[in-house]
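The values are calculated or read from the model by the stated rules, or taken from the named source; none is laboratory data. Quick caveat, the model's predicted, so the values are computed rather than measured. Here Cβ is always computed from backbone atoms with ideal geometry, including for glycine, and neighbour counts include all displayed protein chains.
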Amino acid sequence: MNDEQRPGHTTTVAHLSVEERAAKGKASRKAAPRSSHGGWKPAADRPDPISLLEEQGADRVPELVPIRYGRMLVSPFTFYRGAALIMAADLEATPRSGLTTQICGDAHLSNFGVFASPERRLVFDINDFDETLPGPWEWDVKRLAASFEIAGRERGWAATERRAIVAAGVAEYRGRMRQAADMRNLDVWYAHIELDQLFAQLKSETTKKQRARVSKNVAKARTRDSMQAFSKLTHEVDGQRRITADPPLITPIEDVAAAWSPDSAPADSTTVEEELRDVIRSYRGTLETDRRVLLEDFEYVHAAAKVVGVGSVGTRAWILLMLGRDAQDPLFLQAKEAGSSVLERFVGKSKYSNHGHRVVAGQRLMQAASDIFLGWQRVTGIDGQVRDFYVRQLKDWKGSADVETMSASLMALYSRICGATLARAHARSGDRIAIAAYLGEDDAFDRAVTDFATAYGDQNECDYQALVDAVESGRLEAVSGL
């Protein structure tokens with residue numbers, strides 16, 4: 001049993017004064033001057049990026065791995081989305097301030113968005129925590145900054161525009177962290193970004209046409225819930241609702257059972273369904289009492305394997321259809337495999353023995369409001385392998401920014417919003433006073449990270465070309481269009 005799980009276990013926490021914490025942050029500049037974060041050069045012994053992708057693919061569903069490569073081949077930006085391990089290996093060799101907080105581990109611009117809070121209000125926050133772990137806060141800032149540089153290249157914007165966009169986000173991070181340093185602990189914990197706040201900011205900094213486009217995307221997010229998934233993903237079979245097959249992206253559980261059974265012997269679908277019900281019952285125990293009672297009012301109906309994301313393709317992900325008071329009261333849950341974080345080999349192993357628990361704990365630390373059904377489970381699959389999962393709602397007013405249609409000015413505003421969000425998330429678990437003191441009042445850190453983003457954008461293009469070459473040479477197989 002881990003320390004955080006042992007009843008009655010306590011640790012001594014040192015409570016430094018504000019002045020001592022600020023001095024700690026300023027002293028960190030000696031080990032890692034703010035200017036040292038600028039630029040990027042690959043280490044002489046830098047791992048082959050394609051080998052790192054192959055290493056990840058070894059633990060994934062073999063027939064799905066080519067889909068992952070196909071999605072990463074779409075552009076240098078989609079490659080970057082799937083290259084969290086590659087960048088973690090690169091960041092390991094960069095300067096560190098020595099100040100640690102809970103980090104996302106994959107804080108690129110597409111992993112931020114809107115979703116419903118438990119109070120049914122739309123909030124903006126980080127929405128992907130597969131790689132979360134305590135680590136250097138600078139790594140999240142650099143991954144976010146580089147994502148805006150790479151997205152700007154994809155849009156064809158000039159270097160000066162891209163630098164302005166990246167610098168805006170980093171400066172916002174620094175400013176919001178300094179604000180957090182002056183806030184009371186509870187005020188930091190309660191802080192969140194609601195859509196009303198964003199629209200107020202949009203009104204003064206965007207055109208009427210831009211605001212209309214954002215409003216349209218938000219309205220669309222409000223339709224993305226279990227009812228929409230129910231109508232889109234299911235059909236009726238002999239009076240029963242079933243998830244519609246769309247192989248290889250959606251595969252009903254009875255078909256997965258036949259394909260994944262040991263020794264190619266088809267599994268009894270009834271046995272598989274019973275095992276899945278046992279998993280759901282066990283997962284309930286990780287929820288708060290009130291959410292557990294709510295979940296018990298829903299009955300399991302059907303399940304299917306579903307391909308999700310870019311970097312996650314090939315990991316096991318299930319969608320679970322539940323029904324409540326009648327056939328028009330659906331709840332869709334998603335159970336997503338949680339493996340070791342890509343950060344663990346560089347910052348140390350998680351204190352949680354269950355990686356689903358790791359993801360949930362990190363998400364609750366960093367998000368201002370989390371899904372009411374967020375929980376975890378360990379499963380022995382039909383192939384006999386033990387795997388960890390975390391569970392959440394499949395859709396709950398989820399929406400993301402339409403980066404493909406943003407103007408450069410709107411992208412700069414979005415960069416600031418993401419920077420502010422990341423600072424709030426880091427301030428919840430890290431020493432915000434020390435980090436703020438390290439960052440300082442001037443733009444030395446902003447300029448350094450902007451330089452890093454530019455240089456890493458070049459590296460990302462080289463790595464993307466390496467993937468193109470690996471597919472063309474036959475080293476890797478890629479399936480496009482899925």
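Remarks
- Residue match in the stretch 87-105 (condition: under 17 Å from the mean Cα position of the chain (by Cα), over 30 Å from Lys26 (Cβ atoms), of a type outside the set (Phe, Trp, Tyr) and buried (at least 19 other Cβ atoms within 10 Å of the Cβ)): no
- Residue in the stretch 319-345 that is nearest to Thr94 (Cα to Cα), counting only those that are surrounded by fewer than 22 Cβ atoms within 10 Å (Cβ to Cβ) and of a type in the set (A, V, I, L, M): Met322
- Residue in the stretch 425-438 that is within 16 Å of Pro76 (Cβ to Cβ) and part of a helix (DSSP H, G or I) present: no
- Residue match in the stretch 79-91 (condition: over 17 Å from Val342 (Cβ atoms) and not assigned by TED's automatic domain parsing to the domain that holds Gly381): no
- Strands (runs of 3 or more DSSP E) wholly inside the stretch 110-220 that include at least 1 residues being at pLDDT below 95, in contact with an Asp or Glu (Cβ under 6 Å, 6 or more places away or on another chain) and not aromatic (Phe, Trp, Tyr): 112-116, 122-126
- The stretch 365-411 - residue that is assigned to a helix (DSSP H, G or I) and modelled with pLDDT under 95 and, of those, surrounded by the fewest Cβ atoms within 10 Å (Cβ to Cβ): Glu404
- Taking residues in the stretch 109-132 that are in contact (Cβ under 8 Å) with a residue 40 or more places away in the chain, and partners anywhere that are in a strand (DSSP E or B) and of a type in the set (Asp, Glu), the pairs with Cβ atoms closer than 6 Å and at least 6 places apart or on different chains are Arg121/Glu194; Val123/Glu194.
- A single entry from Gly356, Gly348 fulfils the requirement of being assigned by TED's automatic domain parsing to the domain that holds Glu273 and surrounded by fewer than 20 Cβ atoms within 10 Å (Cβ to Cβ): Gly348.
- Pairs with Cβ under 8 Å, 6+ apart, first in the stretch 207-226 and small (Gly, Ala, Ser), second modelled with pLDDT of 70 or more and assigned to a loop (DSSP other than H, G, I, E, B): Ala221/Lys398; Ser226/Leu394; Ser226/Lys395
- Per-region count, the stretch 54-69, residues in contact with a Gly (Cβ under 7 Å, 6 or more places away or on another chain), within 27 Å of Val403 (Cβ to Cβ) and either surrounded by 20 or more Cβ atoms within 10 Å (Cβ to Cβ) or acidic (Asp, Glu) (or both): 3
- The stretch 281-300, residues that are more than 19 Å from Asp329 (Cβ to Cβ), assigned to a helix (DSSP H, G or I) and touching a residue at least 24 places away in the same chain (Cβ under 8 Å): Ser282, Tyr283
- Matching entry among Ala466, Ala448 (being surrounded by fewer than 19 Cβ atoms within 10 Å (Cβ to Cβ), among the small types (Gly, Ala, Ser) and part of a helix (DSSP H, G or I)): Ala466
- Residue within the stretch 361-377 that is more than 14 Å from the chain's Cα centre (by Cα) and more than 26 Å from Arg121 (Cβ to Cβ) present: yes
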